[in-house]
Amino acid sequence: MTAVSMKQQPPSKMRRPIGEPSTESTPVFALKELVASLYREQNKIQNLLSSLGFALRSFNNLNQFLELTPLMAARVTDADGSALMLSKRPNDISLEQLHCQDHQMAQEIRGVINSIIDQTNNQQATPELSLCLDEKIRQALGKRIRLYSTPILVKNIERGRIYVFSSDPEYVWTQTRRKLLQLVADQTSVAIANNELTVELRSKERQDRELEIASEIQLRLLPRQCPVIEGIELAARCQTANRVGGDYYDFIPTNYDQLRQDQEIKRGDQATSVPWSIVIGDVMGKGVPAGLIMTMTRGMLRAEVLNRHSPARILQHLNRVMYADLDNSHRFVTLFYSEYDPQTKILSYSNAAHNPPLLWQTASQTIEKLDTDGMLIGLDPNSQYEDGQTQLAPGDTILYYTDGFTDAVNQKGQRFDEENLIKVFEEGCQRYDSPQDILDYLFKQIKAFIGSGHNNSDDMTLIVVRVKSTQ
C-alpha cells in the first residue's frame, strides 16, 4: 500500500533531503543578498555625505572642513586614499590634505605630489596647468597606482583639485564614483566660498565700524549748535549722502579773548558782541577722503582766522598752506568765508568758487547774490581773492548752501537747480520769521522734489542767517 502510494505521488511533491539547497531558491537568495549589499552601500554613502554636509554647516574654521575632504572622497569612491590640492592664486598651488591608510603609499604619493607642485609653481601659469599637473602625477606614480581627479570650482574658477588613488588592479572608475567625487568637490567649493564671504563680511563690518567712528568724529567737528550772536538768529543743518561727507560749515569767533570776557560777564544764552566768521565749504568728492580734507580745512582755517586779516587775505593764505596736500590728493575745496560784525551789522566776505549765498532784502522784497572773484582752494598756489561787503538791515535773511541742494535729482532725472532754490527761499522768507522754520521748509521742499524712497547722491548743507527786526 505504501509503495503504491509512493509511486503515484508527483515528483514535485516529493520532499528534498535535509541540508540540500533548493535549485529554485538559490537565485532568489542571491538577489536578496545583492539588494541588501547595495542598500548597505547606499546607506554608507548617504551617511558619509550627510556627515560632510553637517560639517559644512557646523565648522567655523575652513581648515577643519578641509581635513575631512580627502577622507570622505576616499570612502565614497572605495579608493585607497585621496589628496586635496588648492590654489589661492596662479603659481601658488599647495597640497592641503592627504588621507591614506597605507603609510608607505601615503609617503610615496606625498613626495611625488610635492615635487611636481614645486616644479609647477616655478612655471608660468597657463589654463592647461592643472591638466599638465594631472598628467605629471600619473606618470610619476606609474601604472601601479591608479589616479583620478576632479576640479574644485568657485565662481567658475578652478581653485583646486581632489585626487583619489587606488593600487587595486581591479579598481574601476565608474560613473557613480565619478559623480560621488564631484559631489564632494562641490561641497568643498561651497565651504571655500562661504569662508571667503565670511572673511569679506568681517572686513566690511570693520570698515562699517571705522566709518561710524569717522562719522562720529566729523559730526563732533561740525558745530553742535549755532552760537548766540548779537543782532542775528542762526539755523544750520548738514545732511550727508554717505556716513562721512565732504560738506563743511563753521561758526568761528574772530576774537577768542574778547569772547571769553563776554562769556564771563554774561550768563545763559545772552548774545556775544564779538565779530563771528560764518563759513561754508565743499570738498570735491565724498566719503572718508573728502571728510579728512574737510577736517584739515577746518583746523587750518580756524588758525588763520586768529590772524585777523581780511576775508580775501584769509582765503589767500589758506590756499597757499593747503595747496600741496590738495594737489597730491587731486582734490579741491570751494569755500565761502564771511565775517559778521554785530556793532555795524556789516557782513564782509570773500568767495573761493563756492555757490554764492542768497541775500533776501526785506525792504525791497528781492534776492541778490553775495559773490566775489576767486579760484578753488588748491587749484593754483598764487590765486588772488577779492573782498566784498554788504550792509544788513532788520529782517534781511541770508542763505548759505552747498551744491548738493541745487544738484539734487528727482526720479525723472530733473535737477532742482538754483532757480527753484531761489523760488522756495523767497517763499520761506515771506512765510516765516524764524531761520529754523525757513531751513525746515527748504529741506521739506527738496525732499518732496526728490521723492519718497529716493536718496540724494550728494551732501546737502544749509545755513540760514536772519537779522533781528527788534533788539
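The values are calculated or read from the model by the stated rules, or taken from the named source; none is laboratory data. As the structure is a computational prediction, the values presented were derived from the model and not from experiment. Note that each Cβ is placed from the backbone with ideal geometry, even for glycine, and that neighbours are counted across all protein chains shown. Note: areas computed on protein heavy atoms with side chains; ligands, DNA, RNA excluded. Shrake-Rupley method; radii C 1.70, N 1.55, O 1.52, S 1.80 Å.
Name every residue in the range 358-370 that is touching an Asp or Glu at 6+ places or on another chain (Cβ under 9 Å) and either assigned to a helix (DSSP H, G or I) or surrounded by 16 or more Cβ atoms within 10 Å (Cβ to Cβ) (or both), in order of residue number. Once the filter is applied, which keeps residues that are touching an Asp or Glu at 6+ places or on another chain (Cβ under 9 Å) and either assigned to a helix (DSSP H, G or I) or surrounded by 16 or more Cβ atoms within 10 Å (Cβ to Cβ) (or both), the range 358-370 yields LEU358, LEU359, TRP360, GLN361, THR362, ILE367.
Any chance you could count how many residues in the range 405-415 are out of contact with any helix residue (DSSP H, G or I) (no Cβ under 9 Å at 6 or more places or on another chain) and crowded, with 23+ Cβ neighbours inside 10 Å? If you could, list the steps in order and put the result at the bottom.
Going through the range 405-415, the residues out of contact with any helix residue (DSSP H, G or I) (no Cβ under 9 Å at 6 or more places or on another chain) turn out to be 412-413.
If we keep only those that are crowded, with 23+ Cβ neighbours inside 10 Å too, we end up with none.
Here the count works out to 0.
The residue list GLU205, GLU170, GLU196 contains one member that is open to solvent by 40 Å² or more (accessible area, probe 1.4 Å) and closer than 28 Å to GLU108 by Cα, which is GLU170.
Annotation for the range 326-341: at least one member residue is within 38 Å of the chain's Cα centre (by Cα), modelled with pLDDT under 90 and at positive phi. When the range 387-405 is filtered for residues that are touching an Asp or Glu at 6+ places or on another chain (Cβ under 6 Å) and either hydrophobic (A, V, I, L, M, F, W, C) or at pLDDT below 90 (or both), only GLY404 remains.
Of the listed requirements (1) open to solvent by less than 100 Å² (accessible area, probe 1.4 Å); (2) in contact with a Ser or Thr (Cβ under 8 Å, 6 or more places away or on another chain); (3) at pLDDT below 85; (4) assigned to a loop (DSSP other than H, G, I, E, B), PRO17 misses just one: (2). On the basis of being within 37 Å of the chain's Cα centre (by Cα) and of a type in the set (Ser, Thr, Tyr), does TYR432 make the cut? So TYR432 does not fit the description; no. Within the range 296-322, the set of residues being touching a residue at least 40 places away in the same chain (Cβ under 8 Å) and farther than 29 Å from ARG466 by Cβ comprises GLN316, ASN319, ARG320, MET322.
So, of the residues in the range 440-471 that are at pLDDT 80 or above and open to solvent by 70 Å² or more (accessible area, probe 1.4 Å), which turns out to be farthest from ILE398 (Cα to Cα)? Before the answer, list the steps.
Within the range 440-471, the subset at pLDDT 80 or above is 440-451, 459-469.
If we keep only those that are open to solvent by 70 Å² or more (accessible area, probe 1.4 Å) too, we end up with 444, 447-448, 469.
Working: LYS444: 18, LYS447: 21, ALA448: 23, SER469: 14 Å.
Filtering the range 440-471 for residues that are at pLDDT 80 or above and open to solvent by 70 Å² or more (accessible area, probe 1.4 Å), the one farthest from ILE398 (Cα to Cα) comes out as ALA448.
Which of the residues that make up the range 214-251 are buried (at least 21 other Cβ atoms within 10 Å of the Cβ), aliphatic (A, V, I, L, M) and at pLDDT below 85? Of everything in the range 214-251, just one residue is buried (at least 21 other Cβ atoms within 10 Å of the Cβ), aliphatic (A, V, I, L, M) and at pLDDT below 85, namely VAL244.
If I ask for residues that are open to solvent by 30 Å² or more (accessible area, probe 1.4 Å) and over 11 Å from VAL76 (Cα atoms), which ones from the range 178-192 would you list?
Those that are open to solvent by 30 Å² or more (accessible area, probe 1.4 Å) and over 11 Å from VAL76 (Cα atoms): ASP186, GLN187, VAL190.
When you look at LYS345, is it at positive phi and in contact (Cβ under 8 Å) with a residue 12 or more places away in the chain, yes or no? So LYS345 passes the test.
Taken residue by residue, the range 372-388 has at least one member that is farther than 26 Å from THR295 by Cα and either open to solvent by less than 50 Å² (accessible area, probe 1.4 Å) or assigned to a strand (DSSP E or B) (or both).
Starting from residues that are among the β-branched types (Val, Ile, Thr) and assigned to a strand (DSSP E or B), keep the ones in the range 129-185 and report whichever is farthest from THR69 (Cα to Cα).
Taking the range 129-185 as the starting set, the residues that turn out to be among the β-branched types (Val, Ile, Thr) are 137, 145, 150, 152, 154, 157, 162, 164, 172, 174, 176, 184.
Narrowing the set further to residues that are assigned to a strand (DSSP E or B) leaves 150, 152, 154, 157, 162, 164.
On the way: THR150: 13, ILE152: 12, VAL154: 16, ILE157: 19, ILE162: 8, VAL164: 11 Å.
Residue satisfying both the conditions and the ranking: ILE157.
State whether one or more residues within the range 252-261 are on the phi < 0 side of the Ramachandran plot, touching a strand residue (DSSP E or B) at 6+ places or on another chain (Cβ under 7 Å), modelled with pLDDT of 85 or more and not in a helix (DSSP H, G or I). Working first, answer last.
As a first pass, look at the range 252-261 and keep what is on the phi < 0 side of the Ramachandran plot: 252-261.
Cutting the leftovers down to touching a strand residue (DSSP E or B) at 6+ places or on another chain (Cβ under 7 Å) gives us 252-254, 259.
Subset that is modelled with pLDDT of 85 or more: 252-253.
From what is left, the residues that are not in a helix (DSSP H, G or I) are 252-253.
Yes, some residue in the range 252-261 is on the phi < 0 side of the Ramachandran plot, touching a strand residue (DSSP E or B) at 6+ places or on another chain (Cβ under 7 Å), modelled with pLDDT of 85 or more and not in a helix (DSSP H, G or I).
To keep it simple, each residue is scored yes or no on (1) open to solvent by 30 Å² or more (accessible area, probe 1.4 Å); (2) at pLDDT below 90; (3) among the hydrophobic types (A, V, I, L, M, F, W, C).
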position	(1), (2), (3)
ASP80	yes, no, no
ASP92	yes, yes, no
ILE116	no, yes, yes
LEU131	yes, yes, yes
GLY160	no, yes, no
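Looking at the range 427-439, which of its residues are surrounded by fewer than 17 Cβ atoms within 10 Å (Cβ to Cβ) and part of a helix (DSSP H, G or I)? If you could, list the steps in order and put the result at the bottom.
The first filter runs over the range 427-439 and keeps only residues surrounded by fewer than 17 Cβ atoms within 10 Å (Cβ to Cβ), leaving 427, 430-431, 433-434, 436-437.
Within the range 427-439, GLU427, GLN430, ARG431, GLN436, ASP437 meet the criteria.
Restricting the first member to the range 226-240 and to residues that are of a type in the set (D, E, K, R), and the second to residues that are at pLDDT below 90, the beta-carbon pairs closer than 7 Å and six or more apart or on different chains are GLU230/ALA271; GLU230/THR272; GLU230/SER273. Against the list (1) in contact (Cβ under 8 Å) with a residue 40 or more places away in the chain; (2) open to solvent by less than 40 Å² (accessible area, probe 1.4 Å); (3) touching a Phe, Trp or Tyr at 6+ places or on another chain (Cβ under 7 Å), the condition LEU392 fails is (3). Beta carbons closer than 9 Å, at least 6 apart along the sequence or on distinct chains, pair a first residue in the range 95-123 that is outside any helix (DSSP H, G or I) with a second that is surrounded by fewer than 16 Cβ atoms within 10 Å (Cβ to Cβ) and among the basic types (Lys, Arg) for LEU95/ARG110; LEU98/ARG110; CYS100/ARG110.
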